[in-house]
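Engineer: Questions regarding the structure given below will be posed in turn.
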Amino acid sequence: MPSQFSRSLFRRLVDDADRDGGLKPAPRKAEPSNFLRHIVGLAGTKSADGLIDPKLVLSWLFSHLGAGAFYTGLLVPVREAGALLPQIFTAALIHGRGRRKWVWALGSAVQGLAAGGIALAGLRLEGALAGAVIVALLAVLAVARSACSVAYKDVLGKTIGQSRRGTVTGTASTIGSAAVVIFALVLLFVPVDRYALVEWAIFLAAIGWGIGAVMMALMVEDDDGGTGDQGLPNPWTLMREDRQLRLFIMARALLVGTALAPPYLVLLASKGSQDFAELGGLVLASSVAAFLSAYIWGRLSDRSSRRVLIYAGLAAAVSLALALGMNAMGLAQTIWAMPVVLFCLMLAYHGVRQGRSTHLVDMSAPGERADYTAVSNTVVGIFLLVAGAGAAALGSVSVPLVIGVFLVMSVAGAWIATKLTEVQT
């Protein structure tokens, strides 16, 4: 039975608490309790994502450990591609299960264990060995995350009614963002050893995923016998037959520089120095950019997702050019320079994310969306691995050169986006 607190919270946060929302009787009765479990569990995992962010936190940790540009460059592609590629192989198995909450709970638990391993490696290892071990653990974390991603939408749909699901995820995201902002402010203003603080943050991330696993295990979910899966079409056939999908994937792939570039900004900021006071500024800049840009990009995408992709690509190019200019002028290691660049770049990054998501949904018919999403994720995931590995190798020679390559890719992605058709009516 739902507690008085969960019922009260449920009624305060939703507008239609008395509607069944399309739920079956058992989950409908448990919905207030499930609502609270979703918020607590998701808040824990979303906080964990920010506390162990490969683009910033782990990149900073690698700078401190002396892991080198090669392993630093692998962080984001391993994390991003690892969360995309396995979905092809796991979707049928996961959708065939009657209760998908156990997949999510197990995946969250594995992420917590991997995060704990990363924290221990940061305490015990250094140099290239630390880089190799942490990248391997991050790969495990990413694969577990991909399983959670496949399972979660089904669990949410079976346990939370229609028109209340956005409130659950939005509330949890707000709590998670607040936790990361607090972390950034502590890094900026509290006079403590920053390396120890980062290590504690990673341990807290492990706890956050553990909380998520427990909350999901407690979820009341009906056994629907499994939905099955129809498999995936041949990606190359689908792209050959649909020019717009082909152009969309090309634009999305070229714009991955917005995700891959931040670790190299960290390397620029910390080059030749072990004073990492700028980490708090970088984390704060990233969090504030996400908070400020999501709604604006969303509104613009509803008008023209094509233009959002163009604008975001050009904004990324300008941001990366600014980074190269500041590095040439010897300003990259100042406490304000890279946070300013990162703020601009993350605005572009969230524009790319919002634009690509909206464009893919609006360009495809309802029966095509699952196939288009799977094909897009597969191809871009492969490209992420290849581009990330290439950038990591090139970064061992010259970090500014890698940033220059991402700049050219961003311009090319924006140019290809101009060839997309307008899909909003």
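Engineer: In whole percent, and with a 1.4 Å probe on the protein chains, what portion of the accessible area of region 318-425 is carbon and sulfur?
Structural biologist: Here it works out to 69 percent.
Engineer: What translational D, rounded to a whole number of µm²/s, comes out for region 340-425 from Stokes-Einstein when the hydrodynamic radius is the Kirkwood one over Cα pairs, at 37 °C and 0.692 mPa s?
Structural biologist: 219 µm²/s
Engineer: Let me ask something additional. Relative to the Cα centre, what is the charge dipole magnitude of the chain, using +1 at the beta carbon of each Lys and Arg, -1 at the beta carbon of each Asp and Glu, and rounding to the nearest 20 debye?
Structural biologist: It works out to roughly 540 debye.
Engineer: Follow-up. Using Cα springs under 10 Å in a Gaussian network model of the chain, which residue among Gly298, Gly82, Gly73 shows the largest mean-square fluctuation?
Structural biologist: Gly298
Engineer: If you take the square roots of the eigenvalues of the alpha-carbon gyration tensor of region 47-133 and sort them as a ≥ b ≥ c, do you get rounded (a/c under 1.5), prolate (a/b over b/c) or oblate?
Structural biologist: Working: a/c = 2.76, a/b = 2.03, b/c = 1.36.
It is prolate, given that a/c is not under 1.5 and a/b is the larger ratio.
Engineer: Averaged over all directions, how much area does the convex hull of the C-alpha atoms of region 98-156 cover when projected, in nm²?
Structural biologist: Projected over every direction and averaged, the Cα hull of region 98-156 covers 3.8 nm².
Engineer: Going through the cross-link list Lys46/Lys158; Lys55/Lys158; Lys46/Lys419, which pairs have a Cα-Cα distance over 29 Å in this structure?
Structural biologist: Lys55/Lys158; Lys46/Lys419
Engineer: Still on this structure, please answer the following. For the chain, what are the per-bin percents of Cα-Cα distances with bins 10 Å wide, up to the bin holding the maximum?
Structural biologist: The percentages, shortest bin first, are 5, 21, 31, 28, 13, 3, 0.
Engineer: If you don't mind, another one. From the residues Val386, Gly298, Val283, which one has its Cα farthest along the dipole of region 280-422 in the positive direction, the dipole being from +1 and -1 charges on Cβ of Lys/Arg and Asp/Glu about the Cα centre?
Structural biologist: Working it through, the farthest residue towards the positive pole turns out to be Gly298.
Engineer: Kirkwood Rh over alpha-carbon pairs of region 312-363, then Stokes-Einstein at 4 °C and 1.567 mPa s: what D in µm² s⁻¹, rounded to an integer?
Structural biologist: 110 µm²/s
Engineer: Mind telling me which of Asp362, Asp49, Asp224 comes out most flexible in a GNM of the chain, alpha-carbon contacts under 10 Å?
Structural biologist: Result: Asp224 has the largest fluctuation of those listed.
Engineer: Still on this model: Hey, any idea what % of region 17-166's accessible area is carbon plus sulfur with a 1.4 Å probe?
Structural biologist: Roughly 63 percent of what the probe reaches on region 17-166 is carbon or sulfur.
Engineer: Any idea of the accessible area per residue across the chain, 1.4 Å probe, to the nearest Å²? Present the calculation step by step, with values, prior to reporting the outcome.
Structural biologist: Values: 18050 Å² over 425 residues.
Result: 42 Å² per residue.
Engineer: Same structure again: Placing +1 on the Cβ of each Lys and Arg and -1 on the Cβ of each Asp and Glu in region 22-64, which of Ala26, Val40, His64 has its Cα farthest towards the positive end of the resulting dipole?
Structural biologist: Ala26
Engineer: How many percent of all Cα-Cα pairs in region 274-358 sit more than 18 Å apart?
Structural biologist: 46 percent
Engineer: How many angstrom separate the Cα center of region 389-425 from the Cα center of region 45-117?
Structural biologist: 24 Å
Engineer: Over 27 Å apart: what share of the alpha carbon pairs of region 278-425 falls there, rounded to a whole percent?
Structural biologist: Values: 2941 of 10878 pairs.
Distances greater than 27 Å cover 27 percent of the Cα pairs.
Engineer: So what is the calculated 222 nm ellipticity per residue for the chain, using -39500 (n - 2.57) for each DSSP H run with n of 4 or more, over all residues, to the nearest 500 deg cm²/dmol? Present the calculation step by step, with values, prior to reporting the outcome.
Structural biologist: Details: 17 runs with 331 residues, N = 425.
The helix-only estimate for the chain comes to -26500 deg cm²/dmol at 222 nm.
The values are calculated or read from the model by the stated rules, or taken from the named source; none is laboratory data. All values reported here derive from a predicted model rather than from experimental measurement. With ideal geometry, Cβ positions are generated from the backbone for all residues, glycine too; neighbour counts draw on all protein chains shown. Accessible surface is based on the protein model in full, side chains and every heavy atom, while ligands, DNA and RNA are left aside. Shrake-Rupley method; radii C 1.70, N 1.55, O 1.52, S 1.80 Å.
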